[in-house]
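For reference, the structure discussed in these notes is given below.
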Amino acid sequence: MGRFFGILVALGALGLAAFWVLTRPDHVTEAEVAGLTGDAAAGEAIFWAGGCASCHADAEAEGEERLILSGGEGLVSDFGTFYPPNISPDPEHGIGGWTLAEFVTAMQNGISPEGRHYYPAFPYPAYRLAERQDLADLFAFLQTLPEDDTESPAHEVGFPFNIRRAVGGWNLLYLSDDYVVQGELSAEEARGRYLAEALAHCGECHTPRDALGGPDRAAWLTGAPNPTGTGRIPALTPDELRWSTTEIAAYLNDGFTPSFDSAGGHMRSVILNLANLPDADRQAIAAYLKVLPPAQN
Amino acid sequence: MPRFSKIIATGLAALTFSGAVAVAQDLPAPVEARQGQFRIMALNIGVLGQMARGNTEYDADAASAAASNLLTISMLNQSFHWPEGTDSFGLDGTRALPAIWENPEDFAAKWGDFGTAAEALAAVAGDGLEGMQAALGPVGGTCGACHDDYREAQ
């Protein structure tokens, strides 16, 4: 009996140790990004495609104010309220003091320079798929934006979700280095997949989540409950969203549906971002949506 | 007369583009009225939007007429369109959020913003495509700003 108990304790300790190792924050080293030189001008397109302003600028910001990344409106979820932090170049309150390696670590592994896990309200699971050159360009662009000394508020997250280490377990379950949509794609469809899956993170709202808040990749972009209110976020699959690619691309530019209704909610902010991209990129996103597996399998 | 028929033709084209809209049954008259109001707005924005997108040729008379319709609608007094209890929590068939009745002043201000943008659009809509395009964006912006806070997701 004593021996059995001993084995149990040993197994438990082993399990804990394994969990501790597996959920260890994973850092990108300086050497891994040493060959990258950021181009701020190229980074602006990544900034708009990535949708940074939607969460990190003030919710009411318009025009140039959307470049002041002082931190934004809290994201309410089943797990608590997450406050997008100040990512302006302010060295104390923003990311002005960061290295490129720290930035890439945050963007792709969800780990802060202090070695803490970010909550996946920050879409690092999407940015993980981004090209590191694009991230270097984005980092260079972010450094050109106005500094702001707003202090980032603490997240309002209760037990057990306030155990940051648990996010490492979440990462084990849900982080993926593969695109959701696989198979033969044209150059335009592949470009659209990169924009939609790696940068614009459409799936954050348009894909349903499971009980742990992980995306249901088998129901990719098939619509979901509205995370910040009532109603539903619509499906984008071709059996549900029947607009032509031209209509989709135009909507992503001017915000008008084919019947000239006007986008509202968070999508309005997304369109303010995507309107800054070349038309070919909006066409590419539309082409990608047309190759999605249908919602009704 | 040919000018008028041209406007009609553009209107018909807009109708074709916009497709049929299902009308919900047995909604209170104020809800039907305000939904009709928004459909008239969408129809006229469609005339301008199709020109702005380059899908139809710019027509100064039709653009002026559509912009003027939008301005006219913005002047409709909204007092009778929004009775208490006609929000999305109380009724099926409306996406009007209760927040409208919680923030009546802000809601009225946002409707006023639409009027301001529609006035600027009406002033230039007949003077050329580029000016109309530039003035249409802010009108769409005021639609979106109100939908952002006061209309339920689908």
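Does any residue in the stretch B:120-139 that is within 14 Å of chain A (Cβ to nearest Cβ) come within less than 6 Å, Cβ to Cβ, of a residue that is open to solvent by 40 Å² or more (accessible area, probe 1.4 Å) and hydrophobic (A, V, I, L, M, F, W, C) six or more places away or on a different chain, and which pairs are these?
Short answer, once both residue conditions are applied: B:135/B:120; B:135/B:124.
So residue B:144 ticks every box in (1) part of a loop (DSSP other than H, G, I, E, B); (2) crowded, with 18+ Cβ neighbours inside 10 Å; (3) at pLDDT below 95 but one. Which box is left unticked?
(1)
Could you grab me the full set of residues in the stretch A:226-245 that are farther than 19 Å from residue A:213 by Cβ, facing another protein chain (nearest Cβ under 7 Å) and touching a residue at least 12 places away in the same chain (Cβ under 8 Å)?
A:234
Yes or no, residue by residue, for (1) in a helix (DSSP H, G or I); (2) in contact with a helix residue (DSSP H, G or I) (Cβ under 8 Å, 6 or more places away or on another chain); (3) modelled with pLDDT of 95 or more; (4) open to solvent by 40 Å² or more (accessible area, probe 1.4 Å):
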position: B:32; (1), (2), (3), (4): yes, no, yes, yes
position: B:37; (1), (2), (3), (4): yes, yes, yes, no
position: B:41; (1), (2), (3), (4): yes, yes, yes, no
position: B:46; (1), (2), (3), (4): yes, yes, yes, no
position: B:50; (1), (2), (3), (4): yes, yes, yes, no
position: B:55; (1), (2), (3), (4): no, yes, yes, yes
position: B:67; (1), (2), (3), (4): yes, yes, yes, no
position: B:72; (1), (2), (3), (4): yes, no, yes, yes
position: B:90; (1), (2), (3), (4): no, no, no, yes
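Say we look at the stretch A:16-64 and pick out the residues that are at pLDDT 95 or above and among the aromatic types (Phe, Trp, Tyr); which of these is nearest to residue A:269 (Cα to Cα)?
Result: A:48.
Looking for something polar (S, T, N, Q), surrounded by fewer than 20 Cβ atoms within 10 Å (Cβ to Cβ), at pLDDT below 95 and under 17 Å from residue A:101 (Cβ atoms) - is there at least one such residue anywhere in the stretch A:65-77?
No, every residue in the stretch A:65-77 fails to be polar (S, T, N, Q), surrounded by fewer than 20 Cβ atoms within 10 Å (Cβ to Cβ), at pLDDT below 95 and under 17 Å from residue A:101 (Cβ atoms).
For the stretch A:1-22: of the residues being open to solvent by 80 Å² or more (accessible area, probe 1.4 Å) and closer than 27 Å to residue A:175 by Cβ, which is nearest to the chain's Cα centre (by Cα)?
A:22
Name the one entry in A:49, A:57, A:34 that is in contact with a helix residue (DSSP H, G or I) (Cβ under 7 Å, 6 or more places away or on another chain), closer than 17 Å to residue A:134 by Cα and small (Gly, Ala, Ser).
Only one candidate qualifies: A:49.
Can you work out which of the residues in the stretch A:246-268 that are over 22 Å from the mean Cα position of the chain (by Cα) and open to solvent by less than 50 Å² (accessible area, probe 1.4 Å) is farthest from the other protein chains (Cβ to nearest Cβ)?
Among those that are over 22 Å from the mean Cα position of the chain (by Cα) and open to solvent by less than 50 Å² (accessible area, probe 1.4 Å), it is A:257.
Would you pick out the residues in the stretch A:93-129 that are part of a loop (DSSP other than H, G, I, E, B), among the hydrophobic types (A, V, I, L, M, F, W, C) and open to solvent by 10 Å² or more (accessible area, probe 1.4 Å)?
A:98, A:121, A:122, A:129
The values are calculated or read from the model by the stated rules, or taken from the named source; none is laboratory data. The structure displayed is predicted, hence computed values, not measured ones. Positions of Cβ are backbone-derived with ideal geometry, glycine not excepted, and every protein chain shown enters the neighbour counts. Side chains included, ligands, DNA and RNA excluded: accessible areas come from the protein's heavy atoms. Shrake-Rupley method; radii C 1.70, N 1.55, O 1.52, S 1.80 Å.
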